[in-house]
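All remarks here apply to the structure that follows.
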């Protein structure tokens, strides 16, 4: 499980650390940087997949869009803490060089290691070593992390687990009804960031997995009995759902399905997959309030890690208080334009509210503009550089 | 008449000595604001409530919060036109205090007045520019449970400013005191000025004792709008209890 991610110099994320639990929820005003956090994590995942240019092209971005415009450095730096299945905490630290499109330095260590020399993996961009063995020159080209191109058999078990977990992150941050409705080719085995290729992906879900998915779907839409994926000419796949009204079955093609159903379908397919961490932007979109509780329950019950963003107090109100204290993080922007993150209920007066009302009620009762200002003041109080300045000022 | 009160701590309304959420008589240590409150009641109703057994009941902030949390009743309506934010906390609290007062009044068969104290702008309750919104939400909380004997006690920015005003000389307006920062860490905070007046830091008990006889007259405090609002509301509620006919329009 990913425990935390610190990213420096990525879009509005000047220097941001995000603690991650099993379920995590980001809240904040428009433009505070919620989507940038999801994009940054998707970027981390892409480093392990090794196709940075393809990832940029898919998003319609250029490499120049990636860095934080209020900072001077060019490299994107990151620290990822990961807990392996044996409980060991690994830290992956690296610097992504935007000109070379790859990590010019990266290292994986056991966080508890006494000696800094105990490295599971190390690369300085010219040579690399694994498990402390003699270094080998890097005589080939690659994008992203060097780990993306190394053979599975070359990696120690814990590093292998870590790399795969990062590869298995799935971002659905661009989920759009328009893309969800589109037919897809049979060769497409995975759903895209925007939900495209859903029909081809669903075509691969058979037998018990399909039954389980329909049971889940019925919790949201009791009239739904099945979904069909029909193969068409040239391998195109067309999705439809079958509902029962009275004793009459009704089949609806994806192009006529409601947005909420399509989104739920996309989310459920991922919640049931072998993904490690799923990123969902504004989960409440297109979903009527009667099924919000079921949605929250489903996300919480999923065996994967979840990071969602929301503007909906209703979503938060369905979280238990203790869970909300851990899970809900407030993202805000400083006057300089950098995003920062704080546990929402870690702010004392917000926790006061939680003691008398639900998490969502506390959220809706809070003026996020004022809260941003308060958080900036709290940052200044804890920022050592500001404190040093204040101290020297007092001395004068 | 009985009095049901709740505040933030020992230096305003008071605290329980027995780690209970609700207390009275010798188990309750009244803070400076309770002393002032009972002085007004002595003046208008003619008796000292603190001297009457079980006449002053204190509910802790924590107990009130638990009441609110367990309540199944609808909270304040969501945001909307004409609806202020950052007021839900006060609304929920006075709503619960009002409910408790109604139960107490029914069980004991006496009129009960509820007084709810909060600083407008303590370090815990920023942003503090919304005095009116907070005042209204406290009244609305009482109103939401059809309790019309609720009195908000909402000093701006905090109770130390009311106490500080009581130490001042001169009959001019002291309204400017309400602009003092609510942050105790700021160099000229009301707390610091109060300590300066007494020559040393005063405990809640010492301040409560001082309040028994200070101020001699309330005219200086009446120049503070937040105090005046409390005073007027208190007076009208007390009048309605002690002489209901006189309070009629």
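The values are calculated or read from the model by the stated rules, or taken from the named source; none is laboratory data. Keep in mind it's a predicted model, so treat the numbers as computed, not measured. Don't worry about glycine lacking a Cβ; one is built from the backbone with ideal geometry, like all the others, and counts go over all protein chains shown.
Laid out as a table, the results:
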read-out	value
Selected residue (only one of A:213, A:172 is surrounded by 18 or more Cβ atoms within 10 Å (Cβ to Cβ), farther than 30 Å from residue A:145 by Cβ and at pLDDT 85 or above)	A:213
Residue A:61, sole failed condition from (1) without any contact (Cβ under 8 Å) to a residue 60 or more places away in the chain; (2) more than 20 Å from residue A:37 (Cβ to Cβ)	(2)
Conditions (1) part of a loop (DSSP other than H, G, I, E, B); (2) more than 21 Å from residue B:176 (Cβ to Cβ): number failed by residue B:235	(1)
Yes/no for residue A:233 being surrounded by fewer than 16 Cβ atoms within 10 Å (Cβ to Cβ), farther than 17 Å from residue A:180 by Cβ and over 28 Å from the mean Cα position of the chain (by Cα)	yes
Among the residues listed as A:299, A:316, A:277, the single one being within 14 Å of chain B (Cβ to nearest Cβ) and crowded, with 20+ Cβ neighbours inside 10 Å	A:316
Segment B:54-70, subset at the interface with chain A (Cβ under 9 Å from one of its Cβ atoms) and either in contact with a helix residue (DSSP H, G or I) (Cβ under 7 Å, 6 or more places away or on another chain) or at pLDDT below 90 (or both), residue nearest to residue B:154 (Cα to Cα)	B:64
Candidates A:242, A:205, A:191, A:264 - the one that is farther than 22 Å from residue A:285 by Cα, within 24 Å of the chain's Cα centre (by Cα) and either surrounded by 13 or more Cβ atoms within 10 Å (Cβ to Cβ) or without any contact (Cβ under 8 Å) to a residue 24 or more places away in the chain (or both)	A:205
Qualifying residue in segment B:79-97 (condition: closer than 28 Å to residue A:368 by Cβ and away from every other protein chain (no Cβ under 12 Å))	yes
Residue match in segment B:58-66 (condition: in contact (Cβ under 8 Å) with a residue 24 or more places away in the chain, farther than 21 Å from residue A:348 by Cα and in contact with a strand residue (DSSP E or B) (Cβ under 8 Å, 6 or more places away or on another chain))	yes
Of all residues making up segment B:153-173, the number that are part of a loop (DSSP other than H, G, I, E, B) and either surrounded by 22 or more Cβ atoms within 10 Å (Cβ to Cβ) or free of Cβ contacts under 8 Å to residues at least 40 places away in the same chain (or both)	6
Odd one out for residue A:311, checked against (1) within 14 Å of chain B (Cβ to nearest Cβ); (2) touching a helix residue (DSSP H, G or I) at 6+ places or on another chain (Cβ under 8 Å); (3) in contact (Cβ under 8 Å) with a residue 60 or more places away in the chain	(2)
Test for residue A:178: is it assigned to a loop (DSSP other than H, G, I, E, B) and over 20 Å from residue A:41 (Cα atoms)	no
Index of the failed condition, residue A:327 passing every other in (1) more than 14 Å from residue A:374 (Cβ to Cβ); (2) surrounded by 17 or more Cβ atoms within 10 Å (Cβ to Cβ); (3) touching a helix residue (DSSP H, G or I) at 6+ places or on another chain (Cβ under 8 Å)	(3)
Residue that is farthest from the chain's Cα centre (by Cα), among those in segment B:11-38 that are surrounded by fewer than 18 Cβ atoms within 10 Å (Cβ to Cβ) and under 18 Å from residue B:206 (Cβ atoms)	B:17
Checklist (1) in contact with a strand residue (DSSP E or B) (Cβ under 9 Å, 6 or more places away or on another chain); (2) surrounded by 11 or more Cβ atoms within 10 Å (Cβ to Cβ); (3) touching a residue at least 12 places away in the same chain (Cβ under 8 Å) applied to residue A:127, failing item	(3)
Residue A:254, sole failed condition from (1) out of contact with any helix residue (DSSP H, G or I) (no Cβ under 6 Å at 6 or more places or on another chain); (2) over 25 Å from residue A:164 (Cβ atoms); (3) buried (at least 21 other Cβ atoms within 10 Å of the Cβ)	(1)
Among (1) within 14 Å of another protein chain (Cβ to nearest Cβ); (2) touching a residue at least 24 places away in the same chain (Cβ under 8 Å); (3) touching a helix residue (DSSP H, G or I) at 6+ places or on another chain (Cβ under 8 Å) - the single one residue A:372 does not satisfy	(3)
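For every residue, the table says whether it meets (1) buried (at least 19 other Cβ atoms within 10 Å of the Cβ); (2) within 24 Å of the chain's Cα centre (by Cα); (3) at pLDDT below 90.
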{"site": "A:117", "(1), (2), (3)": "no, no, yes"}
{"site": "A:122", "(1), (2), (3)": "yes, no, no"}
{"site": "A:132", "(1), (2), (3)": "no, no, yes"}
{"site": "A:138", "(1), (2), (3)": "no, no, no"}
{"site": "A:147", "(1), (2), (3)": "yes, yes, no"}
{"site": "A:151", "(1), (2), (3)": "no, no, no"}
{"site": "A:178", "(1), (2), (3)": "no, yes, yes"}
